[in-house]
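Chemist: First the structure, which I've put down as structure tokens, then a few questions once you've had a look.
We did not get these values from a lab; they are worked out from the coordinates using the rules stated. Quick caveat: nothing in here was measured; it's all calculated off a predicted structure. Please note: Cβ atoms are built from the backbone with ideal geometry, for glycine as well, and neighbour counts cover all protein chains shown.
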Amino acid sequence: MAETNPQSAPSPAAQTVAALVARARKAQAAIAKYSQAQLDELVTAAGWAIMEPARNRLLAEIAVRDTGLGSVDDKINKNHRKTLGLLRDLQGAISTGVLAELPELGLTEIARPVGVVAAVVPSTNPGATPANNIINALKCGNAVILSPSPKGYSTSAQLIEYIYEEFARIGAPKDLVLTLPHPVTKELSQQLMQQCDLVVITGSQANVRAGYSSGTPALGVGAGNVAVIVDDSADLDDAAQKIMRSKIFDNATSCSSENSLIIHAAVYDKMIAALTQVGGALLSADEKATLQQTLFPGGKLSSAVTAQSVAKICGIAGLSRAELVNAKCLMVEETGTGPSAPFSGEKLSPVMTLYKARDFDHAFNTLRAIYDYQGDGHSCGIHTKNNEHIQRLGMQMTVCRVIVNQAHAIANGGNFDNGLPFSLTMGCGTWGGNSFSENLNYKHFMNTTRIVRTIPPREPSVDDIFGAYRKKYGA
């Protein structure tokens, strides 16, 4: 009788995940012949699960209660607008069957599902992000299994219960949407990423790296650290209102919140005055040093201040000046970048760093230095009336999005007044160590099969290709 190698037996985590994946595959097989109309009904059902007002409020309340991050009202707004915008984007989009007939190329393109999607979702958006992933996955006929963060688990679990209520209404298989069991361990999450067909990761860079190293095709995002230029042509009052609206939204949980402003010297004092008018408070050098010890103990961002209100941050730091405690956003002045100047990095809190630039060249170089430290690939912004400044950012900055004269955190993930897809997952391209450079959308959850037919040959002559080159260089 052969001896059993104990190392060959699947671990309990592997077995747990395998059972979940089997259920998901069975549910996905049950919708394999769904028409576009049936897939769209799945999408609508999942959307209503989070957007129905009473459910939305409860999900937001659970999220803030259990994660300790953000604001209930802002999460309600985020759940509503991000889901509504996504549903608008998906209206009329083809995600099954024939995508395109290209007779001149002899090609027929057909949309196919990717299979079972593993969605790793963060504590900062435990309702809106999984809803976005679930809706995109269902649109293309996939099943999805969530790997929520420990603190966000209760929100995601409640969302899934609401989705099941809607699936029961339309007669859809409930196992199209599943979650890892509580508590979610690192091993469970790793097994899920290994056993599924596509991994989508929103959150920490550690999770993103784990997804990319899982052996499964993965879509992960880069680190955020948004910096925005305010040049001497900007409408300062408009810029200040938009920046403040964006910066304080949901206590700055968004990776797209403004972390640094680079302001032209000619308008620097006026811009600070405009920011003060809408709730900003500038710290003294001593107050900045005190805040730095609280925000960056040991040089690393403290979780104690992440996505907290200004009043709470001041309480932790021991800052008692009334102008600070009552402010909407704390502002510190900085000249340096990099590890020795931690305020040049992402703060995930209503704290904003101000730089003074002599001119646009100086502003651009400061922006470049900030992104050399943190945030490369993600996005930057500018408030300006100078199109040359906008074009230079688009042509020379290593970012995937340049947001112009908008509230950055609201615009960057798609808004009703710009053309970006509504998303909570922003690809950062090779600059940010990612495999994609656009806002995550339903097309990323789709395989494409191409039927290839013959066409009249289009073979060029050697002279057609090399003639001009050879004549120019005498080759």
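Chemist: Measure off 7 Å from each Cα along the Cα-to-Cβ vector at Ser309 and Gln38, then give the distance between these two points in nanometres to one decimal.
Modeler: Result: 5.0 nm between the two label points.
Chemist: Please report how far the C-alpha centroid of the range 326-346 lies from that of the range 123-138, rounded to the nearest whole angstrom.
Modeler: Centre-to-centre distance over Cα atoms comes out at 31 Å.
Chemist: With both partners inside the chain, how many of the DSSP beta bridges are antiparallel, as a percent to the nearest 5?
Modeler: Antiparallel: roughly 25 percent of the beta bridges in the chain.
Chemist: Can you give me the long-range amide H partners of Leu420? Hydrogens built in the peptide plane at 1.01 Å from N, cutoff under 5 Å, separation of 5 or more residues or another chain.
Modeler: Sorted by chain and number, the residues that satisfy this are Asn415.
Chemist: Starting at the first residue of the range 385-399, write each ³J(HN,Hα) from the Karplus equation 6.51 cos²θ - 1.76 cosθ + 1.60 with θ = phi - 60°, in whole Hz, x for Gly and Pro.
Modeler: The phi angles translate into 10, 9, 5, 4, 5, 4, 5, 5, 4, x, 8, 10, 7, 7, 9 Hz.
Chemist: Taking amide H atoms as placed 1.01 Å from N in the peptide plane, list the residues 5 or more away in sequence, or in a different chain, whose amide H sits under 5 Å from that of Ala218.
Modeler: Val199
Chemist: Also: On full extension of the chain, what length is gained from Glu388 through Ser8, given 0.36 nm per residue of separation minus the C-alpha to C-alpha distance?
Modeler: Between Glu388 and Ser8, full extension yields 130.6 nm more.
Chemist: For the range 226-419, what relative contact order do you get, as a whole percent, if you take Cα pairs closer than 8 Å and at least 6 residues apart?
Modeler: So the answer I get is 31 percent.
Chemist: I'd like the distance separating the alpha-carbon centroids of the range 351-389 and the range 49-92, in whole Å.
Modeler: Their Cα centres are 32 Å away from one another.
Chemist: Using a 7 Å offset from the Cα along the Cα-to-Cβ direction at both Val72 and Val325, what is the distance between the two label points in nm, to one decimal?
Modeler: If labels sit at Val72 and Val325, their model points lie 2.4 nm apart.
Chemist: Give the calculated FRET efficiency between Val98 and Lys443 to the nearest 0.05, with a Förster radius of 22 Å applied to their Cβ-Cβ distance.
Modeler: For Val98 and Lys443, the calculated efficiency is 0.90.
Chemist: Where in the range 218-252 is the amide nitrogen less than 15 Å from a point lying 7 Å along the Cα-to-Cβ axis of Lys270?
Modeler: In the range 218-252, the label zone of Lys270 (backbone N under 15 Å from the point 7 Å along Cα→Cβ) covers 230-241.
Chemist: So in the range 226-419, what percent of DSSP beta bridges are antiparallel if you round to the nearest 5?
Modeler: Of the beta bridges lying entirely in the range 226-419, close to 0 percent run antiparallel.
Chemist: Residue-wise, which Karplus ³J(HN,Hα) couplings in Hz belong to the range 344-354, taking 6.51 cos²θ - 1.76 cosθ + 1.60, θ = phi - 60°, and x for glycine or proline?
Modeler: Rounded to whole hertz, the list is 7, x, 6, 10, 6, 7, x, 10, 10, 9, 10.
Chemist: Which length gain, in nm to one decimal place, applies between Ser213 and Val462 when the Cα-Cα distance is subtracted from 0.36 nm times their residue separation?
Modeler: Length gained between Ser213 and Val462: 85.3 nm.
Chemist: Something else now. Which is the longest stretch in the chain that no exposed loop site breaks, taking sites as GluC sites (Glu not before Pro) with a DSSP loop state and at most 11 other Cβ atoms within 10 Å?
Modeler: 105-475
Chemist: For the range 334-348, list residues with backbone N below 18 Å from a point placed 7 Å from the Cα of Ile316 toward its Cβ?
Modeler: So the set is 342-348.
Chemist: Step through the residues of the range 243-259 one at a time and calculate ³J(HN,Hα) from phi using the Karplus curve (6.51 cos²θ - 1.76 cosθ + 1.60, θ = phi - 60°), rounding each to whole Hz and writing x for Gly and Pro.
Modeler: Each residue of the range 243-259 in turn: 4, 5, 4, 6, 5, 8, 4, 6, 6, 6, 5, 6, 5, 9, 5, 4, 9 Hz.
Chemist: Here's another thing I want to ask about it. Run the simple label-point estimate for Glu187 and Arg368 please: 7 Å along Cα→C-beta, distance reported in nm.
Modeler: 4.9 nm
Chemist: Which trypsin sites (Lys or Arg not before Pro) in the range 12-113 sit in a loop by DSSP (not H, G, I, E or B) and have at most 11 other Cβ atoms within 10 Å of their own Cβ?
Modeler: Lys33
Chemist: Still on this structure: Note down the net charge around Val404, summing +1 for each Lys or Arg and -1 for each Asp or Glu among other residues with Cβ under 15 Å from its Cβ.
Modeler: Value of the local net charge: -2.
Chemist: For the chain, calculate the relative contact order in percent as a whole number, restricting contacts to Cα pairs under 8 Å that are 6 or more residues apart.
Modeler: 17 percent
Chemist: Let me ask another. Need the C-alpha centroid separation for the range 157-204 versus the range 214-274, integer Å.
Modeler: Distance between centres, Cα-based: 33 Å.
Chemist: What lysines sit close enough to Lys78 to cross-link, taking a C-alpha to C-alpha distance under 22 Å and skipping anything fewer than 8 places away on the same chain?
Modeler: The qualifying lysines are Lys139, Lys151, Lys242, Lys247, Lys328, Lys347.
Chemist: Tally Lys/Arg at +1 and Asp/Glu at -1 over every other residue whose Cβ is under 15 Å from the Cβ of Val114; what's the total?
Modeler: Overall, the nearby charge balance is +3.
Chemist: Then there is this: Could you pull out every residue, at least 5 positions away or on a different chain, whose amide H is within less than 5 Å of the one on Val114? Hs are placed 1.01 Å off N in the peptide plane, and Pro or chain starts have none.
Modeler: The list, which skips near neighbours in sequence, is Asn447.
Chemist: Let me ask another. Considering only the other residues whose Cβ falls under 11 Å of the Cβ of Cys329, what net charge follows from Lys and Arg at +1 and Asp and Glu at -1?
Modeler: +3
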